[in-house]
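Since every read-out is calculated from the coordinates, none of them should be taken as a lab result. Owing to the predicted nature of the structure, the values given are computational and were not obtained by experimental measurement. Here the Cβ positions follow ideal geometry from the backbone for every residue, glycine too, while neighbour counts run over all protein chains shown.
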Amino acid sequence: MQVKIWINFTFFLNFTTKIKTHFQLMMFGFAVFMLLLVISIQVYLCKKLMFYIETTRLRKFSKAIPFIFLLFNLPTLLLFINRVVKIQIVTNSPLFIYPFAIWQGTTIFVFIVIMIAKLIGSLANPVSKKLLHNETKLNESRRKFLRTALVGVSAYAFTGSTIGTIARNDFRIEKVRIKIQNLPEELKGLTIGLISDVHSGIFMTEEDMQPYCEALNSLEPDLILMPGDFITSDPDEIYPFINVFKNLKSKYGIFATLGNHEFFPRQPQRIAKIIEENGIRVLRNENEKVEINGEELFIIGIDDLRYGADLDKAMKNVKNEKVKILLSHKPYDFPRFAQNQIQLTVSGHTHGGQIVFAKIDDTYITPSALVSKFVAGHYKLGNSHLYVTRGIGVVGLPLRLNCPAEITHITLV
């Protein structure tokens, strides 16, 4: 017994040294919470499916359901171990990504629909009882409807998750013309290459990044802007990013700002230094004057809005009458940027929703829309413009639904 206790205590000490910083403890706690949440959802759906199977002619297969759930949740467990303990057992292989993303995407979507249906049912049930006196008949017909609807929802979720996973690295080059009021003749026709939210990591390797770099260079932009989130969670993920994007080329320079993911590991200075050493100017609450055809243009960059953004400091010595382009990782403060007479702001962060259920006119039906109305594309307030790119990387689930990755080619007119 003493030996066993000593072994367990030694393991605990070794493990805690791996998560000794405050950030690591916080990330460990978040990872455990997310794992427990996923497990709870999986257990709930497993029980539901077993109960349903037992009411059909396939009841003899119901005992196999837990083993199926366990098998398809193994990638989730491996991902947890990889992220927390840093044991490299997870790769970017489709044998890992596809089962993980398709299964989790499908089950989480089905779970959300079930919860919404339960909520609607609980609200509608008292009204239904008053309108229809035959409660038994009502309940039976409702159960039949829900079973049929759930099959349809599951099929939709599975199809969407499969397509979204397989096509997550398919990207579009969006060509956008933005009309700047009183744009000097010297700046008319200026082209900007915009790329954001790379999220270097197991779901975005050097091999995955290469086509984006080549596509951006093929556009031959005058300027390249990169508004943050180069890594996912580990500061060492900056090295694969740099190995690829140090090869970017533009006529007047490449400019970047830091996103929230660069601040998560609490090493923004180190990350910024590595990026700058490889030819990309990182603007941290500062600006750079660029002379184009004899005309001055100011490129302004601020840190992530939650981690020390200081617009007043960033605009120090900026000539108000000149054209100003701002890099802000998050687009949420666009009204304030417009008040400061910034003609163009470029942002990322939202991933365009990443999972978009539908788009009605300019409204995106996606969880991201609950946080901000600036989800993706071109917005305008007065004489100020905002462009939010969908980015190229992913977080959470490695899939994109109705939201392809994006490289943007902006022309000022």
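Brief remarks on what is shown
- Full extension of the chain between Asn82 and Ala167 yields a length gain of 28.2 nm, computed as 0.36 nm times the residue separation minus the alpha carbon distance.
- Segments 211-217, 345-351, 153-159 sorted - mean Cβ within 10 Å per residue, highest first: 345-351, 211-217, 153-159
- Least to most buried among Arg400, Arg336, Arg266 (fewest other Cβ within 10 Å first): Arg336, Arg266, Arg400
- R0 of 56 Å, Cβ-Cβ distance Glu220-Arg59: FRET efficiency to nearest 0.05: 0.30
- Take the Cβ atoms of Tyr252 and Tyr307, set R0 to 30 Å, and the FRET efficiency comes out at 0.60.
- Most mobile listed residue (Ser40, Ser200, Ser161) in the chain, GNM with C-alpha springs under 10 Å: Ser40
- Note on the chain: GNM, Cα springs under 10 Å; of Ile342, Ile120, Ile242, the largest mean-square fluctuation is that of Ile120.
- Least to most buried among Phe67, Phe111 (fewest other Cβ within 10 Å first): Phe67, Phe111
- Fewest-first ranking of Val244, Val413, Val113, using other Cβ atoms within 10 Å as the exposure measure: Val413, Val113, Val244
- Ordering 177-183, 296-302, 201-207 by mean Cβ neighbour count within 10 Å, with the highest value first, yields 296-302, 201-207, 177-183.
- The percentage of C-alpha pairs in segment 171-412 whose separation is greater than 25 Å is 35%.
- Gap separating the Cα centres of segment 29-72 and segment 153-182, nearest whole Å: 31
- A Förster distance of 22 Å, applied to the separation of the beta-carbon atoms of Thr159 and Leu71, puts the FRET efficiency at 0.55.
- Fluctuation leader among Asp312, Asp170, Asp197 - the chain, Gaussian network, Cα springs under 10 angstrom: Asp312
- Stretching Glu207 away from Val32 to a fully extended chain increases their span by 60.0 nm, per 0.36 nm per residue minus the current alpha-carbon distance.
- By average C-beta atoms within 10 angstrom, highest first, the peptides 255-261, 267-273: 255-261, 267-273
- Under Stokes-Einstein, with the Kirkwood radius over Cα pairs as Rh, the value for segment 293-413 at 10 °C and 1.306 mPa s is 104 µm²/s.
- Here the chain is treated with +1 on each Lys and Arg Cβ and -1 on each Asp and Glu Cβ, and its dipole about the Cα centre works out to around 2300 debye.
- From the coordinates shown, P(r) over Cα pairs in 10 Å bins from 0, in percent corresponds to which of [x] 4, 19, 26, 22, 15, 9, 4, 1, 0; [y] 5, 23, 30, 23, 13, 5, 1, 0; [z] 4, 18, 22, 18, 14, 11, 8, 4, 1, 0: [x]
- Comparing Cα centroids, segment 242-268 and segment 287-355 end up 16 angstrom apart.
- Rounded if a/c under 1.5, otherwise prolate or oblate - segment 237-321, Cα gyration tensor axes: oblate
- Bins of 5 Å from zero: percent of alpha-carbon pairs in segment 187-274: 3, 15, 26, 24, 17, 9, 4, 1, 0
- Among the listed pairs Lys249/Lys289; Lys179/Lys249; Lys60/Lys118; Lys188/Lys380, those beyond 21 Å (Cα-Cα): Lys179/Lys249; Lys60/Lys118
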